[in-house]
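Peer 1: Could you have a look at this structure, given as structure tokens, before my questions?
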Amino acid sequence: MNHFLRSFALCSLAFLLAASPTSAGWKGGVAKANITPQEWMPMSGYGSRNNKHAESKLTDLWAKAIVMEDDHGHQAVLVTLDLIGIDRGTSMQVCKRIQKAHNLSRDQIALSTSHTHTGPVVAATLKPMHYLLMDDANKKLVGEYAVFLENQIVDVVDAAYKDLGSAEFTWGSGTATFATNRRNNKESDVPKLREAGELKGPRDHDVPVLLMKKSGEVSAVVFGYACHSTTLSSMEWSGDYGGFAQIELENEFPGAVALFWAGCGGDQNPLPRRTIELAKEYGRRLATAVVKATKASMHKVEGNLKTRYEEVDLSLAKLPSKEELVEQSKSSNHYIVARAKMHLDNLAAGQEMSQTYPYPVEVWALGNDVTWVFQGGEVVIDYAIRIKGELGNKEMEDVNVWCAGYSNDVMAYIPSLRVLLEGGYEGASSMIYYGQPTIWSPKVEETIIDSVKRLNKKHSQ
Ligand SMILES: [Zn+2]
């Protein structure tokens, strides 16, 4: 190579290096799409509503998407949804379309729901509580909403990609205290117990915060909290306290999109509850915690984005026999009847009951410091406490392990071994409403924790 060509080659190399993604810094994009049902339809979350339709709207419901890209070009997409949950079928279908449209693998997408109890029935979620007890007209409405929802989610991710550009990410954490362990405190006693500082049971009051800034302006604020979205039980569409918190934050940061994800609040309730004022108040308190965190010492996200996903075979206890299902189908409890008939129909169609459920676990490393764990189902608080304890960096003042529940597939409650052995709603009877044939096996906690650790370890390999 002569001298001229060599210097030309070096110049080109220098130009390529300057323009290559390795020196470009992180990128981000965000968007939101309205997913409030366009027709009045059955509401999800409480069987006592008997699939009655919503009658008015308190707040809109949103699908929001944020795309993050590290300086090596690795991307992750988080979608937050103001919904009770999402079933495996809908989740798989949505992810397949997003993967195809943006050339992603499954580990690069997380779908996180807020678990609002004032949203619509989502496809097959809580099937024996809703879909199986509906008339054909309602089934049609639920089917049409599922199609609308799927398209809105795919579109909102497309829109977030269109917004992709140079961005700075920072993280921190705050505290909010309205989540109360509902297994350990009688609801009517809560105000008195709180006053006396005598609330019992494990809880997690952390409020993780991720901020995206573009050209110095906040363009997205992502935050989570471990508490059921059950402040409200009325016949009005609303995002509950998480919905109000998002509204507060979008007012606080004009032009920004606020995204809420639910933590492992399977056994936590916002108490006291049941008034719009309280839902707004909890939303305000959560938003205040987020704003306070953003004004304190936020840390820059540095290093690489790493994404891992797997489905582990989560074992169920001994499955019921066909005879036992027939017996259950004669129960006076119409949810038990609906579940039994569903499984008997499956057996008649040649579909054997499975001893395990393909349970989704996803772990992201958000740069060098933050580990973000996404679990499927209604995860109880013991998981967050254990995972933070085992994976967290104790030297950091801010919580650097973030534990999301209600993600990717909400198929059941996910009790810890403690809660499983105690039984009750979260440990046992809630399985009926989700259509699971029986309770989880005692291996539930260790199987999930092993998976979280395995995926986390892969990041460091
Ligand atoms: Zn729940």
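Peer 1: If you scan the stretch 350-372, which residues turn out to be closer than 18 Å to Phe169 by Cα and under 12 Å from the mean Cα position of the chain (by Cα)?
Peer 2: The one that is closer than 18 Å to Phe169 by Cα and under 12 Å from the mean Cα position of the chain (by Cα): Trp372.
Peer 1: Same structure, new question: Looking for whichever is modelled with pLDDT under 50 and either more than 30 Å from Glu250 (Cα to Cα) or open to solvent by 10 Å² or more (accessible area, probe 1.4 Å) (or both) here; the options are Ser23, Ser48, Ser56. Which one fits?
Peer 2: Within the list Ser23, Ser48, Ser56, the selection yields Ser23.
Peer 1: Next question, about the same structure. Of the residues Gly424, Gly389, Gly435, which single one is surrounded by fewer than 16 Cβ atoms within 10 Å (Cβ to Cβ) and either modelled with pLDDT under 95 or farther than 13 Å from Gly266 by Cβ (or both)?
Peer 2: Gly389
Peer 1: Need the failing condition index for Asp107 against (1) without any contact (Cβ under 8 Å) to a residue 60 or more places away in the chain; (2) closer than 27 Å to Lys300 by Cα; (3) part of a helix (DSSP H, G or I), just the number.
Peer 2: The one condition Asp107 does not meet is (1).
Peer 1: Could you say whether any residue in the stretch 119-139 is more than 20 Å from the chain's Cα centre (by Cα), of a type in the set (D, E, K, R), at pLDDT 95 or above and assigned to a helix (DSSP H, G or I)?
Peer 2: Yes: the stretch 119-139 contains one or more residues that are more than 20 Å from the chain's Cα centre (by Cα), of a type in the set (D, E, K, R), at pLDDT 95 or above and assigned to a helix (DSSP H, G or I).
Peer 1: For residues that are open to solvent by 10 Å² or more (accessible area, probe 1.4 Å) and touching a helix residue (DSSP H, G or I) at 6+ places or on another chain (Cβ under 9 Å), tally how many sit in the stretch 228-250.
Peer 2: Residues that pass the stated criteria total 7.
Peer 1: Here is a further query. Picking from Ile385, Ile432, which residue would you name as being assigned to a helix (DSSP H, G or I), touching a Lys or Arg at 6+ places or on another chain (Cβ under 6 Å) and touching a residue at least 60 places away in the same chain (Cβ under 8 Å)?
Peer 2: Result: Ile432 is the single residue among Ile385, Ile432 that is assigned to a helix (DSSP H, G or I), touching a Lys or Arg at 6+ places or on another chain (Cβ under 6 Å) and touching a residue at least 60 places away in the same chain (Cβ under 8 Å).
Peer 1: Kindly establish whether Asp189 is acidic (Asp, Glu), farther than 30 Å from Ser329 by Cα and over 20 Å from the mean Cα position of the chain (by Cα).
Peer 2: yes
Peer 1: Return the residue satisfying two criteria in turn: it lies in the stretch 392-407 and is within 26 Å of Arg182 (Cβ to Cβ) and away from the ligand (no atom under 15 Å from the Cβ), and of such residues it is surrounded by the most Cβ atoms within 10 Å (Cβ to Cβ).
Peer 2: Cys403
The values are calculated or read from the model by the stated rules, or taken from the named source; none is laboratory data. Just so it is clear, the model here is predicted, and its values are computed rather than measured. Cβ atoms come from the backbone with ideal geometry, glycine included; neighbour counts cover every protein chain shown. All accessible areas refer to the heavy atoms of the entire protein, side chains included, with ligands and DNA or RNA removed. Shrake-Rupley method; radii C 1.70, N 1.55, O 1.52, S 1.80 Å.
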